[in-house]
Amino acid sequence: MLLPFLYIDHIKDKGRGVFTGKKIAADTIVETAPVIVMKGEDRKLLDQTPLHDYIFIWGEEKNQCCMALGYISVYNHSYHSNCEYFMDFDEQVMFIKTVKAVNKGDELTINYNGNWNNQTEVWFDAKE
């Protein structure tokens, strides 16, 4: 499930990102997407490719990784994100939910640390 008014656009010096064509209320699920679950050993190989920046640690034990389908891998990081991602290990899906209202034309962002307000430094130079 993907809200029909979400779209991907290019952001100067940042690459692609997910945007909204309509205002979205807080606590709205904007996307639910299946994931492809892989073994932890696979992550060692993926970390040597451009996919490193698009995979998520997966599983209760955090000993797997996954590639999310849909737009999920295109949401950019922000320490002041307006969305948060959640994982359902049993159903093998991820979903994105707004944590505050998002205005028409705004970029939807997630915090790559997992919690929308986590200020821990990420592994790349995060341009805010």
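Here, each number is a calculation from the coordinates, and none is a lab measurement. Please read all numbers here as calculations on a predicted model, not as lab measurements. Reconstructed Cβ throughout: ideal geometry from the backbone, glycine too, with neighbour counts over all protein chains shown.
Below are the figures for this structure:
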quantity: Within straight-line cross-link reach of residue 39, lysines at Cα separation under 21 Å, skipping those fewer than 8 residues along the same chain; calculated: 62
quantity: FRET efficiency, residue 45 to residue 7 (Cβ-Cβ, R0 35 Å, nearest 0.05); calculated: 0.65
quantity: DSSP bridge orientation in the chain - percent antiparallel, rounded to nearest 5; calculated: 95
quantity: Dipole of the chain, positive end: most advanced residue of 29, 51, 5 [Cβ charges, Cα centre]; calculated: 5
quantity: For the chain, calculated [θ]222 nm from helices alone, where every DSSP H run of n ≥ 4 adds -39500 (n - 2.57); calculated: -1500 deg cm²/dmol
quantity: Total formal charge among the other residues, if their Cβ is under 12 angstrom from that of residue 60, Lys/Arg +1 and Asp/Glu -1; calculated: -2
quantity: Approximate spin-label separation residue 91-residue 103, in nm, with each point projected 7 Å along Cα-to-Cβ; calculated: 3.3
quantity: Net dipole in debye of region 6-110 [+1 Lys, Arg Cβ; -1 Asp, Glu Cβ; about Cα centre; nearest 20]; calculated: 460
